[in-house]
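These notes are about the structure you will find just below.
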Amino acid sequence: MKKSFVIVVVLALASVGALYSLPKGLVQNDDKRKLATNQPPKRGSETPAQAQAAASKMHANALPAADQQAVNRLQGQFGSATGAEKIALADQLSEKLASLNRFDSAAYYAEQAALLDPSAERWLKTADQYYQAFTFAIDEAKGVKLAEKTREYYQKVLKQNPNLLTAKTNLAMTYMASETPMQGIALLREVLEQDPDNEGALFNLGMLSMRSNQYAKAVERFERILRNDANNARAQFYLGISYAELGRKVEARRWLESVRKLEKDPTIQAGVDEYLKKLEE
């Protein structure tokens, strides 16, 4: 791979954002992650004040004043509530914070509701919220902790229902941020044994093939997605990049131009345009 093209890949990947990427930590750091030594408070042992502090400290960037006031009000009510009211407030906080893109805080409150009212449905919601937070995590240590939380709750869900393939696919990706990444690949292959056209497993294996410079394998996986979902823009995007890396510029241009027609987001358009310019060199 040419160094100049690598630079463009990194810049364009940053511009197209989370919609088109693996979890941030997986893209940014190829080294094996080390588990953090500092442990969070024992689950369920937080005082109301500690619970509020734990959630409020998750983000350094301030929310707009009106949103912050709404969150503060709900957190205050949550801290003093009990029983069904506390569960309802945890749900409200989780939904509110997710709408504000505070995904780790949203996951925290989804977990509080699950601890107060354990059920497979709540475990799945908590796992999904933690997975979303993991997907957006940039800080390595935070990513490790979020991956651990995600695994904990998906494992609870899968113990009861091992055929939830989306849960198994997401669980697999958290192992890529651990000391045992092959465990994740094995899970993705299990998913494909059950469902050979599973989009999530094919996409993630395609991305992992790209990371290991196995672009021919990546092409196979993205093309399989497109056989079942012809307008899948993110599969088209990475198929185009894989073809570019294989030196097949005609096919690369075809798929990238298709993405440009499908996606109207200006940041995605800009990322695609950068790749197309490099193909002209």
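Let a ≥ b ≥ c be the square roots of the eigenvalues of the Cα gyration tensor of the range 107-243; is it rounded (a/c under 1.5), or, if not, prolate (a/b larger than b/c) or oblate?
Prolate is the answer for the range 107-243, as a/c is 1.5 or above and a/b outweighs b/c.
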> Among Tyr130, Tyr238, Tyr243, what is the fewest-to-most ranking by other Cβ atoms within 10 Å?
Replying inline: Tyr243, Tyr238, Tyr130
>> Longer than 32 Å from Cα to Cα, which of Lys145/Lys249; Lys156/Lys261; Lys96/Lys264; Lys96/Lys261; Lys125/Lys277; Lys145/Lys261 are they? Say none if no pair is.
In response: Lys145/Lys249; Lys156/Lys261; Lys96/Lys261; Lys125/Lys277; Lys145/Lys261
>> What aspartates and glutamates does Lys278 reach when the alpha-carbon gap must be under 12 Å and sequence neighbours fewer than 8 apart in one chain are set aside?
In response: Glu245
> Please state the relative contact order of the range 46-163 as a whole percent: Cα pairs under 8 Å, 6+ residues apart?
Replying inline: 19
> Asn101 versus Glu220, label points 7 Å from Cα toward the beta carbon: distance in nm?
Replying inline: 3.8
> Tell me, how many Å apart are the Cα centres for the range 83-108 and for the range 166-210?
Replying inline: 29
> For the residues Ser178, Ser242, what sequence is obtained by ranking on other C-beta atoms within 10 Å, fewest first?
Replying inline: Ser178, Ser242
>> Given axes a ≥ b ≥ c from the Cα gyration tensor, I'd like to know whether the range 167-221 is rounded (a/c under 1.5), prolate (a/b larger than b/c) or oblate.
In response: oblate
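Using unit Cβ charges (K, R positive; D, E negative) and no other charged atoms, how large, in debye to the nearest 20, is the dipole of the range 138-263 about its Cα centre?
Computed about the Cα centre, the dipole is about 200 debye.
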> Under the classification rounded if a/c is under 1.5, otherwise prolate if a/b is larger than b/c and oblate if not, where does the range 46-163 fall, given a ≥ b ≥ c as square roots of the Cα gyration tensor eigenvalues?
Replying inline: oblate
> For Lys86, which aspartates and glutamates qualify as cross-link partners when the Cα separation must be under 16 Å and same-chain residues fewer than eight apart are set aside?
Replying inline: Glu46, Glu95, Glu111, Asp117
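All of the numbers you see were taken from the coordinates with simple rules; none came from a lab. Small disclaimer: the values here were computed from a predicted structure and weren't measured. Cβ sites come from the backbone with ideal geometry, for glycine too, and all protein chains shown count toward neighbours.
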